[in-house]
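Rule-based calculations on the coordinates, nothing more; no lab input. Because the structure is a prediction, the values reported are computed rather than measured. Note: ideal-geometry Cβ built from the backbone for every residue, glycine included; neighbour counts use all protein chains shown.
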Amino acid sequence: MHDFKKATFENLIKTIEYRRKLPDIEIELLQKAFLTAQKAHEPQKRSSGEPYFNHVFQTAIKLAEWGLDTSTISAGLLHDTVEDTSYKLEALKKDFGDEIAFLVNGVTKLGHLKYRTSPQTEKERMEQAAENLRKMILAISEDLRVVFIKLADRLHNMKTLGAVPPQKQKRIALETLEIYAPLAYRLGMQGLSGELEDITFMYLHPEEYRWMTEHVKEQYDERVQYLEAVEILLREALKKAGITPVKIDYRAKRISSLYKKLLRANMSLEQIYDLVALRVIVNTIEDCYTALGIVHQIWPPLPGRIKDYIALPKPNGYKSLHTTVFCEDKKITEIQIRTLQMHEEAENGIAAHWAYSQAKTSKNFMEGNKNVTANQADIAWVQQLRNWQKDFTDPEEFLHSLKIDFFKHRVFAITPKGEVIDLPAGSTPIDFAYQIHSEIGDHCVGAKVNDKMVSLDYQIQSGDLVDILVQKNKKPSESWLQFAKTASAKSKIRTNLKKETSFMRKARQLELRITAADRVGLIKDLSAVISRARVNILNLTHISPAQKTSFPIIKIICDIDNREKTEKLILKLKGVTGVKEIHHQMI
Ligand code: MN
């Protein structure tokens, strides 16, 4: 390796080794992925003009920061090769094995999804569409590590969004705000979710963003300067009690959430005292409570502002101690105290959990300690994921494998307008068509999947782009019942078929009113003529005359559909003895 390359690579290793010592074999794997990605992207440049490799490298660094495994980090380095370079999946499989190839392939598939909205869509329907798309991302990924790579990739793309054309900026920012930031939030990755939201705010509301940053900056700098002085006092007091914090930092309130708060509460910036909070990270839960006591010894707390989210975590699983105190110079200041693990779980959610279980699994397994995963299992984001699929019953195993199989009974396909349709596995274009609208189902004549014509019994796969072809005169056919999977499509087809049959039957009915001199055997002779003409009698009524002097009328309704046949039949009926007159009409 060249020196400058070597230094870059060393950065990646250092980031990983911040958490755990890497065995040589993993370093070799990373080096191979690093060099392969570098070579594959060699001539490519990003819109900003920098080498393309920087993008995949930054993606890998982020994954390393989240504490993910070597396979995921390697896949992060290689994530754009299959899509954008001549280095294809087969080669990847051969060089790096099935696991890494699977991860890269997952990211490639996600790359084909586009979030499209139209301004006409109602809000509720748009939210449903966004939710379906988030589910689809999980379903296509099959493994949460694919989602992590996609999120790290998206974060770097957002950070470098300034270099792409404005129209594209807006589309990507909107997609990030509506799909990826909430997805990160659902996975408990609040740090990432907030960071993504802030960047989208800059592109979607540039005016407000400029105003906010200008006005906040002064306040912010002033606050940080003040907190630096507070930090020194706090460190001294903690030291006296024998507590060495892992770190103390300042949490600036997100620009986007600050903006929301200003709008909501109609406040001024000076009034928001949690603009910057002091965050104290300690080693143990005991240290958290001791530190809280020490804080209150130096600065009196505001009544009603002490929050113990360790004893009572927030619904999203957030754990921490919060207090707001009358600090130096009586300035109101928020202080948050938590352990490193709480901190990382608050920031990185499910990824942090994974990092921790990876570090602990082997050790705890040997000690027969199963509590680590069991306690984690009821974390709120696991619950949230569970709510997406009710029959997902084993969170522990899910966490351990990161396999996403709770959507295995569903498929998610997209309409040409970008709307996501959620269907049971095994569904066909017929189900898809009826799911969009009964009218589309009823008039469906064919379907294109990913731009290729398919038969109507094609089984839809997650991520398929399905375009239903319709024709005005087309009606559902009986055979559709065989390949419709959903109950709703089946019942709509049946309803339509019934309507159709009764309509057709009516159209083919002929009513005959035969006036004839009554005699024994008249009805039998009339019926014989009709059945010899191969016409089915549906109904026959003998209407007795009102007066003795008149002739009775025999009303016959029969199944007949053409004029020629009708005329021939009438001619023959006129030959029956006693028949005086025949009236006919189609009913
Ligand atoms: Mn990428």
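Below is a table of values for the structure above.
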| read-out | value |
| --- | --- |
| Net charge of neighbours whose Cβ lies under 14 Å from the Cβ of residue 237, counting Lys and Arg as +1 and Asp and Glu as -1 | -1 |
| Within-14-Å neighbourhood charge of residue 575 [Cβ basis; K, R +1; D, E -1] | +2 |
| Calculated FRET value between residue 417 and residue 168, using beta carbons and R₀ = 22 Å, to 0.05 | 0.70 |
| Normalised contact order of the chain, rounded percent, pairs of Cα under 8 Å and 6 or more residues apart | 10 |
| Positive-end residue, the chain charge dipole about Cα centroid, Cβ charges, pick of 18, 230, 213 | 213 |
| Angle between the chain longest axis and helix 190-204 axis [Cα atoms, degrees, rounded to 10] | 70 |
| Least to most buried among 211, 299, 66 (fewest other Cβ within 10 Å first) | 211, 299, 66 |
| Point-to-point label distance, residue 541-residue 518, nm (Cα→Cβ direction, 7 Å offset) | 1.7 |
| Within straight-line cross-link reach of residue 21, aspartates and glutamates at Cα separation under 20 Å, skipping those fewer than 8 residues along the same chain | 10, 65, 69, 344 |
| Ranked 326, 201, 4, criterion: other C-beta atoms within 10 Å, fewest first | 4, 326, 201 |
| Contour minus Cα-Cα distance for residue 228 and residue 14 (0.36 nm per residue) | 74.2 nm |
| Pairwise label distance in nanometres, residue 527 with residue 567, each label 7 Å out on the Cα-Cβ vector | 3.0 |
| Beta bridges by DSSP in the chain, antiparallel share as percent, to the nearest 5 | 90 |
| Which of 484, 545, 157, positive extreme of dipole for the chain (C-beta unit charges) | 545 |
| Residue order, fewest to most beta carbons within 10 Å, for 17, 347 | 17, 347 |
| For q = 0.11, 0.14, 0.17, 0.19 Å⁻¹, Debye-computed log10 I/I(0) when each Cα of region 3-189 counts as one equal scatterer | -0.50, -0.80, -1.14, -1.37 |
| Cα-centred dipole magnitude for the chain, charges only on beta-carbon of K, R (+1) and D, E (-1), debye, nearest 20 | 3300 |
| Charge dipole magnitude, Cβ of K and R +1, D and E -1 - region 459-559, Cα centre, debye nearest 20 | 140 |
| Residue 237 paired with residue 445, simple spin-label distance in nm, labels 7 Å along Cα-to-beta-carbon | 7.9 |
| Cβ-defined net charge surrounding residue 185, 14 Å radius [Lys, Arg +1; Asp, Glu -1] | -2 |
| Relative packing of peptides 18-27, 37-46 - highest average C-beta neighbours within 10 Å first | 37-46, 18-27 |
